[in-house]
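The values are calculated or read from the model by the stated rules, or taken from the named source; none is laboratory data. Values in this document were obtained by computation on a predicted structure and should not be read as measured data. Ideal geometry is used to build each Cβ from the backbone, glycine not excepted, and the neighbour counts take in all protein chains shown.
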Amino acid sequence: MSSEKLNLLDATKANIRLLHLTWFAFFLTFVVWFSHAPLKPLIMEAFNMSNAQWKALLILNVALTIPARIVVGMLVDKFGPRIVYSLLLAAGGLMCLAFASAQSYEQLALFRFLLGFVGAGFVIGIRLVGEWFPARHVGLAEGVYGGWGNFGSAAAAFTLPTLALIYGGDDGWRYAIATTGMLAIIYSVFFYLRARNTPQGSTYFKPKKTGGLEVTSKRDFYFYLAMNLPMYIILAVLAWKLSPAGVSLLSQGTTYVMYGILLLLCAYQFSQIYKVNKDMLHGAPVPEHDKYKFKQVAILDWAYFVTFGSELAVVSMLPAFFLETFEGMSLAAAGALGAAFAFMNLVARPGGGYISDKFGRRRSMSIFIIGLTIGYFTLSQVSGAWPVWMAVISVMFCSFFVQAGEGAVFAMVPLVKRRLTGQVAGMVGAYGNVGAVTFLTIYSFVDAGTFFMVIGGCALVLFGLVQLIEEPKGHMHEVNEDGSITQIELT
Amino acid sequence: MNAHSEQTPDALVSGAKRVTMDENNKPKRASMEHLQPSLTIDFAQLSEAGRKDENQDTVGARFPEGPALATKGVAIAIADGVSSSSAARQASQTAVTAILTDYYATPDTWRTGQSASRVIHSINRYLWSQSQNNVRQEGYLTTLSLLVLKGDKLFTFHVGDSRIYRLRAGQLEQLTRDHNQRIDKNTTYLSRALGADLSLEIDMESLETERGDIYLLSTDGLHDFIDHRTLTEKLQSSSDLEALTHQLHQLALANGSQDNISVQIARVDDIGTPSESDAITVLSRLPFAPLLKTGQTLDGLTVEKILHESERSQVYLVKTVDGTPLVMKTPSVNYEDDAAYIERFVRESWIGSRLANRHVVRVVEPPQTRTCLYYLTEYIAGPTLTQVINERAPLPVSDAVELAEQLVMGIRALHRKDTLHQDLKPDNVVVGAQGICLVDFGSCWVAGIEEMASPIAADKILGTLNYSAPEYRYGGPTGQRSDQFSLAVLMYEMLTGKHPFGEAYGKAMSLPQFQKIKYRSALQFNPLVPVWMDRALEKALSIQPGQRYEVLSEWLQDLKRPNPNWLTNRHKPIMERHPEKVWKGLAFAGWAVAAGLLVFIATR
């Protein structure tokens, strides 16, 4: 039995129960992933860190996520989402405990780097929710999953400073972070016991392999290859940043090894892409109806680069930004205000998808980008002279458009090429993380004002790019007054 | 007539008897309602035993109406049974009746060539297996020539030495090539026939038709005794086809034909405007139906209720204009450009439409031409077996047996068509007023289709975890016994409300894992289950397909009355009950002997 409306409170339905189970798992990964951000002064004090070292920590936190997404995708193919999510939560929890008990900056850096793996949780839940919801509801369900889950970083910023104070003492922050780790471990068991990979009694198909993305023209093939390069470049920049030329976490030799590994990975990926597209490159004709433009994927990549990338970067630095900008603010208050950014996730992300469905893809995306550009330029002007409430409103204004933009991007992903939705979503998602690493790397060179300005500038460029996106074509159906359906073919 | 004589009203099949056509059906004016104006064909046929005792030829034709004329066209078939046994007659009848029903049941999306050749291949398989299993060693062999007229195209499919001719502009041309092998001056042998071998090569040709074309199909009793020139002259002599068939018959007899004499003549009076090239292009461009809300109307079908939605499809209860409730299944937009999915979806409706059984849901032709991709089945009011089990399990034993019997009947109808259901589960069974009905063919496997090379890589179905047989997951060979396993799971659930292997079954993926799980006796959960019935369940639920029942009827029999072998307690040899204990014991004994010997040697 099924109804037309999705009632999120109807816990008698197995798929609603699963949705709540899953978004909360995603929520916890975000809590664990960003548990360090609001505790900056405490951690820096405990380790006598320089600002540069702290900023390196922020980058490390999001770096491993880029390759981890691919690994997690393969694991889900092989073992199914239920067990993989449980293990990811448990592993994240353990690493969180390790981070909480770190005794040196090197250990801290290592565990933050490993915690980047937790950021790949998104992929698992999207797959799981996709299995459980029919086409009518899946958009909203995934919006709820993504939006409410992302809210986890806000929850962390909101609660952890207070929790640290309650525990008290020099090690209060350690207990606070360890608490999130314990929570993740306990929930991983609960999730395993309650979640199921597919609805009861549904037919089980062997999952399809997700390899390289198929493209449909030679030009697109090279375009696609080129679009993969930024991922490796940004990781190479990170390695350089960690080398003696930067914060000296890695020795010169290790840095070269890193470069080598990246080169090998890149070569391997290119060979995979070639394998998938071999026939097309050797002149096998692609049926007309099967053609699509890679340009669409590339623009969505960059859109997510700016939106989700900036969100991850901003939630990493915002609590500390408030603390440092406004004299005399308490740590707990700074955390709470820093949470304002991720707060909008609850409505903005699902809302963005909805608006995109209703009012045209390009137009809504353009409006969101203008909004977030204005938002970031405003944030770049925030100073200690501003009243705090104004700053908070600017943050919320900006974040609304950022998250609505994310929602709009993911509403469009399945429309590029249905058959390849998984791979397109994977690439777009990876670009979100590339954006985060890029922006945080920029942040490590400049102050907060310039940092916001740079994001605003990127958004302006993106605005131009989005004008090149093509509205997806297809059949449109029109409902007449008597309820009969006629179909209009769009050409 | 044999078992295949269920004829649809618009099929004219004639075998042993002389053709008598209903006046209403002749000449048949078949008109297409929608895209194309009329394709009009004048037609007559005749089949006579001649100087033989029995007529082993069969002729038949079908003039569909409505959308099927556009997508499938008019089919005219002739077959000449080979050999002197009665099997020959059955073979030719089977071939013609089957082609005329099954061809029209193929999905609209298939090309004519694909549809007809798949059907012919499956007939070939059927005849071949009949010959293999025949106790009197009679061969079921027949020739077959099929002519399909569709819009401005014609298609010929040909095996053997019956013929298809075309008369155009005074020229008579033989469109088919006889598959004969000359041994010596007086003897020729048929080198190709339906039912002769598992593999079969079909001659296929596609040509344009023109207005005024006359097509003639004949068996060797006719065309071996009338020379080419006479035939050409005769065909031009009269426009009364009925009279022509009689004249040709008389002429062949007069020329000394000793064989059965069969002839079919069709004249194309009008082809209308050129048709769409092929159904595939038309239908594959059919858009997916949008998500429908209650009250909306699509192609004259009003949505009453959303019955079920999943990630793969939507199922609606709809009502036609005259109020008949039907079930509409639409593909999920998630698979809009997934060729394998579309192929499977379309095939689902085809599988349903070639079955006629009380316990299998009927696929219904849409009242109007489809504007979207969907298919319709009759609506069976009633709870699904899932609901019945949830509410009433454990069912009384006699009720469960009755339901199982009906399930077996439905499944056997599928198996007779060389089809495996592959996804039997309580959700796919509706308990209606008329008894049980199977409602989903989404996972069916059809022999003959799967063997053919398809450019589309098929999805690998693993069934529903709790109900599909273990061999699907560990990769063993699957067959009718795999459906037997699922049936037994259903029966077990009806009797106990539990799964025979518990939770572990859904998790097992490899043979060793499956071998570890244990059958839980149904008596544990329902003491009213007789011991012998439990044994029958256990046997059908064997992990190894080879240990299950040979055929479903044996299982059914063991469910209905005690198997005398099982009335006493279990007398299994220890080797079968505890193989590992036996081997461990043997190994231990071996070591003990060896140790004993060592001690013996050492102490000497």
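Quick check on my filter: what residues within region B:201-230 are buried (at least 20 other Cβ atoms within 10 Å of the Cβ) and in contact with a His (Cβ under 8 Å, 6 or more places away or on another chain)?
B:Leu222, the sole residue that qualifies.
A quick yes/no check of all residues on (1) more than 20 Å from the chain's Cα centre (by Cα); (2) at negative phi; (3) away from chain B (no Cβ under 14 Å):
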position	(1), (2), (3)
A:Leu8	yes, yes, yes
A:Met44	yes, yes, yes
A:Ser50	yes, yes, yes
A:Trp54	yes, yes, yes
A:Gly80	yes, no, no
A:Leu89	no, yes, yes
A:Gly93	no, yes, yes
A:Ala98	yes, yes, yes
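Is one or more of the residues making up region A:18-30 within 27 Å of A:Tyr232 (Cα to Cα) and assigned to a loop (DSSP other than H, G, I, E, B)?
The answer is no; no qualifying residue exists.
Which ranges mark the strands (runs of 3 or more DSSP E) fully within region B:111-224 that have 2 or more residues being aliphatic (A, V, I, L, M)?
Counting at least 2 such residues, we get B:141-150, B:153-159, B:163-168, B:203-208, B:214-218.
Residues of region B:286-300 being more than 7 Å from chain A (Cβ to nearest Cβ), small (Gly, Ala, Ser) and over 18 Å from B:Ser332 (Cα atoms), which ones?
B:Gly300, the sole residue that qualifies.
For region A:18-70, how many residues are closer than 19 Å to A:Phe122 by Cβ, without any contact (Cβ under 8 Å) to a residue 24 or more places away in the chain and either outside the structural domain of A:Phe158 (by TED's automatic domain parsing) or of a type in the set (A, V, I, L, M, F, W, C) (or both)?
So the answer is 0.
Does region A:138-158 include one or more residues that are within 14 Å of chain B (Cβ to nearest Cβ) and not hydrophobic (A, V, I, L, M, F, W, C)?
Among the residues of region A:138-158, at least one is within 14 Å of chain B (Cβ to nearest Cβ) and not hydrophobic (A, V, I, L, M, F, W, C), which makes the answer yes.
Tell me which residues, restricted to region A:5-17, are assigned to a loop (DSSP other than H, G, I, E, B) and under 14 Å from A:Arg196 (Cβ atoms).
The answer is A:Lys13, and nothing else.
If I ask for residues that are within 14 Å of another protein chain (Cβ to nearest Cβ) and closer than 13 Å to B:Val439 by Cβ, which ones from region B:377-423 would you list?
B:Pro383, B:Thr384, B:Leu385, B:Thr386, B:His421, B:Asp423
Here's the yes/no breakdown for (1) in the same structural domain as B:Asp423 (by TED's automatic domain parsing); (2) surrounded by 10 or more Cβ atoms within 10 Å (Cβ to Cβ); (3) modelled with pLDDT of 90 or more:
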| position | (1), (2), (3) |
| --- | --- |
| B:Leu495 | yes, yes, yes |
| B:Ala522 | yes, yes, no |
| B:Pro562 | yes, yes, no |
| B:Lys584 | no, yes, yes |
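Matching residues to (1) over 12 Å from A:Asp301 (Cβ atoms); (2) within 14 Å of chain B (Cβ to nearest Cβ); (3) part of a helix (DSSP H, G or I):
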residue	(1), (2), (3)
A:Ala404	yes, no, yes
A:Gly426	no, no, yes
A:Ile442	yes, no, yes
A:Pro472	yes, yes, no
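Can you tell me how many residues within region B:123-142 are surrounded by fewer than 20 Cβ atoms within 10 Å (Cβ to Cβ), out of contact with any Ser or Thr (no Cβ under 6 Å at 6 or more places or on another chain) and in contact (Cβ under 8 Å) with a residue 12 or more places away in the chain?
5
Kindly check whether there is at least one residue in region B:437-448 that is at negative phi, more than 14 Å from chain A (Cβ to nearest Cβ) and at pLDDT 75 or above.
Looking for residues that are at negative phi, more than 14 Å from chain A (Cβ to nearest Cβ) and at pLDDT 75 or above, one finds at least one in region B:437-448, hence yes.
Any idea which of (1) crowded, with 24+ Cβ neighbours inside 10 Å; (2) modelled with pLDDT under 85; (3) small (Gly, Ala, Ser) is the one A:Gly360 doesn't satisfy?
(1)
Working only within region A:322-347, note down all residues that are within 15 Å of A:Thr159 (Cα to Cα), touching a helix residue (DSSP H, G or I) at 6+ places or on another chain (Cβ under 6 Å) and part of a helix (DSSP H, G or I).
Selection gives A:Leu331, A:Ala332, A:Ala334, A:Gly335, A:Ala336, A:Leu337, A:Gly338, A:Ala340, A:Phe341, A:Ala342, A:Phe343.
Within region A:197-226, track down each residue that is modelled with pLDDT under 85 and more than 12 Å from chain B (Cβ to nearest Cβ).
Result: A:Thr210, A:Gly211, A:Gly212, A:Leu213.
Tell me the residue from B:Leu537, B:Leu523 that is more than 35 Å from the chain's Cα centre (by Cα) and in a helix (DSSP H, G or I), please.
B:Leu523
May I ask you to list pairs of residues, at least six apart or on different chains, whose Cβ atoms are under 7 Å apart, with the first in region B:297-309 being over 28 Å from A:Thr198 (Cβ atoms) and in the same structural domain as B:Thr330 (by TED's automatic domain parsing) and the second being among the polar types (S, T, N, Q) and modelled with pLDDT of 90 or more?
Listed by first residue and then by second, the contacts come to B:Gly300/B:Thr320; B:Leu301/B:Thr320.
Could you list all residues from region A:81-136 that are surrounded by fewer than 23 Cβ atoms within 10 Å (Cβ to Cβ) and among the hydroxyl-bearing types (Ser, Thr, Tyr)?
A:Ser86, A:Ser101, A:Ser104, A:Tyr105
Has region B:346-364 got any residue that is without any contact (Cβ under 8 Å) to a residue 40 or more places away in the chain and touching a Lys or Arg at 6+ places or on another chain (Cβ under 7 Å)?
No.
With (1) of a type in the set (S, T, N, Q); (2) in a strand (DSSP E or B); (3) touching a His at 6+ places or on another chain (Cβ under 6 Å) as the list, and B:Thr94 as the residue in question, which single condition is left unmet?
(2)
For the condition surrounded by 21 or more Cβ atoms within 10 Å (Cβ to Cβ), hydrophobic (A, V, I, L, M, F, W, C) and closer than 28 Å to A:Ser35 by Cβ, what is the one hit in A:Leu346, A:Leu300, A:Leu379?
Only one candidate passes the filter, namely A:Leu379.
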